[in-house]
Amino acid sequence: MGRFVDSKPAEQLTIEQEELRGISRTVAEIEWLLLILVLLYQVFEGPPVDDQAAISAGLFFYTAFVLTFRYTNFYKSESRWKIAIESFAMVLFITWVLWFTGKLESPLVNAYLLVIITSALTLGKLTTMLEMTMIAACFVLLGENSPKGGLLSLSYIGGLVAQLAPMLLVAYITTMFSADIRFGLNRARLLSETDDLTGLYNMRGFSIVVGRLFDQAARYNRPVSLMMIDSDNLKAVNDSHGHEAGNRLLRLVATCIETELRHTDVLARYGGDEFVVLLPEAPASRALEVAQRILTAVATTPLEFEGKRIDTSVSIGLASYPDDGRSIDAIQGRADRAMYAAKVQGRNRVVRFST
C-alpha cells in the first residue's frame, strides 16, 4: 500500500463526506415521502376531527424538525450521528401518527419500514438493531389491550415476534446488501488508486492526496519537496533475466524507498521504472538527506534472482517549494528535469534542480 498515514485519513474523510452527502439527500427524500404519505392519508381517509387535529400537530412539528435540522445548517457537515437522530425522530413521528389512525391496525404501520431501510443502508447493524428494539417497544405501546399472561408470556412474545418478523427480515437483508455494496465500492476505489505491481499509489491516487497537501503548504507557506526517482537498469534486467526479474526489481526499489520515508511522506509509482515522492514540511536540505539514504539503500540491496545477484541503483531528481516553483506541476516538472540530469551525469546520484 502507498506510504502515507497521517494525511490519508483526511482524504478518506473527504470521500466519506461525499458519500454521506448523497445518503443525506436520500434520507431527506424519505422524510418528505413520509410527510406526504401521512398528509394523503389525512386527506383521503378522513379520520375523526379530534384525531385530525392531533395528526396535523404531528405533521407541523415533524415538518418543523426536518426544516430546522436539515436546512438551517444545524450541522456544518454530514455525519452518521445526524442521520441516526433523524431516523429516531422518524420512529417517534410514525408512532404518533399510528396512535391516532388505528394503532397496529393502521394502514400506515408499514411506514416503519422506511426507518429500517434507512438505518440498514446507512448506519450499520448495531444502530439498526437499536432502532428495531425501539420499534418493538412502540408495538408494545400501540397494543390495544394488555396481554392476559403479561408482557413476558410466551404467547405474547411469540405474537410480537410474528408481527415484527417481516421488518426483521427486511433489516437483515438490507444490512447484508449494504455491507456487500460498501465492500465492493471500497475495493473498487482502492484498485483505482493503487498500482497493481508494487501496491503503491498510482498517479491517480497520488494526485488526489498531493493536491490537498500542496494546497495546504501553499496556504500556510510551508516547505514541500518532491523527488523523481528512476531505476537505472530495469531495461537491462528485463533483457537479461526476463520481465519477472524486472518486476521483482521494481518491488525491491519500492521497498527500499519506503524504508527511508516518514509516515507523512507520499510515495507513488509514476509509471514504468519511475517513482515520485512528496515530502511535506521538508525543505531541500532535508530532502537531500532522504534522497542520499534512498540512494544508499538501493545500492546496498541487490536483487537475488534464480541464484544470481543483480546490483541496481537509482537516479534522483529533487525540487522544492517555494524555492523552485509555486505550483505542484512546476515542482514536479523541475524534479523530472533534475532526475534526467542525474542520469546524464552518470546515474546513481542525486541532483537538485537549479536554474
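Just so it is clear, none of the values below were taken in a lab; they were calculated from the coordinates. A quick note: this is a predicted structure, and the numbers were derived from the prediction, not measured. Here the Cβ is made from the backbone with ideal geometry for all residues, glycine too, and neighbour counts use every protein chain on show.
Across segment 92-104, what is the number of residues that are under 38 Å from the mean Cα position of the chain (by Cα), surrounded by fewer than 20 Cβ atoms within 10 Å (Cβ to Cβ) and either basic (Lys, Arg) or within 13 Å of Met134 (Cα to Cα) (or both)?
1
Closer than 18 Å to Arg352 by Cα, touching a residue at least 60 places away in the same chain (Cβ under 8 Å), surrounded by 14 or more Cβ atoms within 10 Å (Cβ to Cβ) and polar (S, T, N, Q) - does that describe any residue in segment 230-244?
There is at least one residue in segment 230-244 that is closer than 18 Å to Arg352 by Cα, touching a residue at least 60 places away in the same chain (Cβ under 8 Å), surrounded by 14 or more Cβ atoms within 10 Å (Cβ to Cβ) and polar (S, T, N, Q).
Quick one: which strands (runs of 3 or more DSSP E) lie wholly within segment 237-355 and hold at least 1 residues that are β-branched (Val, Ile, Thr) and within 34 Å of the chain's Cα centre (by Cα)?
266-271, 274-280, 314-321
Across segment 288-323, which residue is nearest to Leu213 (Cα to Cα) among those that are buried (at least 22 other Cβ atoms within 10 Å of the Cβ) and of a type outside the set (A, V, I, L, M)?
Here the residue is Tyr321.
Go through segment 219-250 residue by residue and tally those that are among the small types (Gly, Ala, Ser) and in contact with an Asp or Glu (Cβ under 6 Å, 6 or more places away or on another chain).
Count: 1.
So if I check each of Thr68, Thr95, Thr133, Thr128, which one is over 20 Å from Leu160 (Cβ atoms), of a type in the set (S, T, N, Q) and not in a loop (DSSP other than H, G, I, E, B)?
Thr68
Counting only residues that are closer than 21 Å to Met90 by Cα and surrounded by 10 or more Cβ atoms within 10 Å (Cβ to Cβ), how many does segment 35-46 have?
8
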